[in-house]
1. Can you work out ³J(HN,Hα) from phi for every residue in the range 314-320, in order, using Karplus 6.51 cos²θ - 1.76 cosθ + 1.60 and θ = phi - 60°, giving whole Hz and x for Gly and Pro?
2. Is the shape of the range 201-340 rounded, prolate or oblate, going by the alpha carbon gyration tensor and its root eigenvalues a ≥ b ≥ c, with a/c under 1.5 for rounded and a/b larger than b/c for prolate?
3. Can you work out ³J(HN,Hα) from phi for every residue in the range 24-29, in order, using Karplus 6.51 cos²θ - 1.76 cosθ + 1.60 and θ = phi - 60°, giving whole Hz and x for Gly and Pro?
4. Looking at the P(r) of the range 1-126, how many percent of alpha-carbon pairs lie beyond 25 Å?
5. Anything over 30 Å Cα to Cα? Flag those among Lys28/Lys316; Lys126/Lys314; Lys222/Lys324; Lys290/Lys322; Lys25/Lys222, in the order listed.
6. Treating the Cα atoms of the range 98-186 as identical point scatterers in vacuum, please give the log10 of the normalised Debye intensity I(q)/I(0) at q = 0.21, 0.26 Å⁻¹, two decimals.
7. Based on the alpha-carbon set only, what is the convex hull volume of the range 178-241 divided per residue, in Å³?
8. Counting only pairs 8 or more places apart or on different chains, how many lysine pairs in the range 223-279 have C-alpha atoms closer than 30 Å?
Amino acid sequence: MKKIALITGVTGQDGSYLAEFLLKKDYKVFGIKRRSSSFNTKRIDHIYDKKELKDKFQVFYGDLLDGSSLLNIIEEIKPDEIYNLAAQSHVRTSFDVPEYTTDVNALGTLRLLEAIRRLKNKKKIKFYQASTSEIFGNTTSPQSEKTPFKPASPYAISKLYAYWITKNYRDAYNIFAVNGILFNHEGCRRGETFVTRKITSAVARIFHGSNEKIFLGNLNAKRDWGDAEDYTESMWKMLQQKKPDDYVIATGKSYSVREFVREAFSNININIKWKGSGLNEYGYDSKSKKVYIKISKIYFRPTEVYELRGDPRKAKKVLKWKPKTDFKEMVKKMVNFDIDNYGKTNFY
Ligand code: NAP
Ligand code: G4F
């Protein structure tokens with residue numbers, strides 16, 4: 001019998017890649033999308049369009065804020081695996097909407113776990129929780145499964161609740177529930193308000209003649225940036241183990257936002273140099289002297305996480321997972337994608 005998967009956050013970056021991955025593995029895939037005032041399915045529309053996937057992929061309206069919708073969907077489809085990827089996932093925004101972020105990310109996870117616990121048909125459902133390197137905050141790199149948590153934003157704190165409640169339901173109710181502690185992962189479907197895609201989409205517009213400047217916040221923050229498609233595979237691998245456990249997924253290397261900018265521009269043959277300091281720093285083309293990067297204080301966070309760099313040795317050993325795409329390749333892929341799809345409306 002075909003396995004059945006349910007993905008919350010199926011309209012997001014990871015949800016759309018995971019849906020494709022599981023369909024290739026011959027799962028029947030259900031997704032949950034929330035109601036929005038404009039279309040929010042651009043990352044999955046191409047899956048609907050494939051005739052051969054017509055009976056294999058279906059999306060329901062539901063919301064992590066609405067426990068009854070989650071319970072109804074789970075009771076109706078009786079999934080083998082649930083991947084909880086839905087979240088208010090933007091760290092900077094979580095300082096503006098802390099209650100909402102906590103409700104979706106923390107209580108939303110609890111609502112799903114309760115739905116599993118209360119299920120009348122006691123089918124053994126496996127549960128994946130999208131945890132994050134942000135729960136480590138400003139701890140010493142590299143961070144592993146043994147690093148103490150020091151979350152530094154409402155987002156990180158909401159995700160730490162979700163981490164612990166997942167672990168607690170595993171221990172208390174014997175639910176197969178795991179936390180994937182994923183470090184930053186990026187790709188062509190990354191939201192454009194995250195720093196990597198903000199940069200690559202602007203570089204593509206500049207390549208096509210735009211005269212814009214990119215306004216950024218902290219250039220010195222370092223992140224362990226991996227490739228989103230590599231990382232979605234690890235989610236599935238965690239649910240195929242004999243015992244539920246938590247895993248760090250990372251590349252083991254970190255780069256600053258400044259290095260990301262230089263790498264992205266190098267793909268359109270612009271060599272960025274830096275001048276000035278603090279809010280007056282700017283980045284310019286070493287040949288033409290044209291300024292491309294400026295700093296704006298609106299993109300700084302009240303509390304910043306300065307460096308995240310993961311230690312993925314446990315995932316390598318137990319899951320036999322390793323990243324396939326390196327930093328340079330990933331940046332190139334994103335810049336080229338944005339250049340090739342410039343001006344198009346339907347491109348996933
Ligand atoms: P994303 O692109 O922002 O996608 C988030 C998804 O959650 C979207 O489908 C969104 O729907 C949905 N959503 C938001 N609020 C919801 C609600 N109240 N009810 C139902 N759905 C809701 O995020 P991502 O990058 O794919 O990340 C996936 C998950 O991994 C998130 O939980 C994130 O926090 C976590 N994570 C991400 C990374 C990373 O580097 N990407 C690293 C570690 C952990 P709309 O499309 O309607 O907005
Ligand atoms: O791209 P970011 O917004 O990602 P951030 O905050 O690391 O969060 C992402 O990764 C987490 C995993 O560690 C996920 F859990 C989370 O859901 C999300 O996917 O910012 C990256 C860095 C930060 O240090 C930020 O201060 O870039 C810095 N930055 C500098 N200028 C900027 C900007 N970030 C954004 N979004 N926009 C800027 O203009």
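The values are calculated or read from the model by the stated rules, or taken from the named source; none is laboratory data. Predicted model, so just to flag it, every value in this text is computed and none were measured. Cβ atoms come from the backbone with ideal geometry, glycine included; neighbour counts cover every protein chain shown. The protein model used for the area step is the full one, side chains on, heavy atoms only, and it has no ligands, DNA or RNA in it. Shrake-Rupley method; radii C 1.70, N 1.55, O 1.52, S 1.80 Å.
1. Per-residue couplings from phi come out as 5, 5, 4, 6, 7, 8, 6 Hz.
2. It is prolate, given that a/c is not under 1.5 and a/b is the larger ratio.
3. 5, 8, 6, 6, 8, 10
4. Working: 1825 of 7875 pairs.
In whole percent, the long-distance tail amounts to 23.
5. Details: Lys28/Lys316 28 Å; Lys126/Lys314 20 Å; Lys222/Lys324 21 Å; Lys290/Lys322 40 Å; Lys25/Lys222 35 Å.
In this structure, Lys290/Lys322; Lys25/Lys222 lie more than 30 Å apart at Cα.
6. So the normalised log intensities work out to -1.00, -1.30.
7. On the way: hull volume 6.4 nm³, N = 64.
Taking only Cα atoms, the range 178-241 has a hull volume of 100 Å³ per residue.
8. Numbers: Lys237/Lys253; Lys242/Lys253; Lys243/Lys253; Lys253/Lys273; Lys253/Lys275.
Lysine pair count for the range 223-279: 5.
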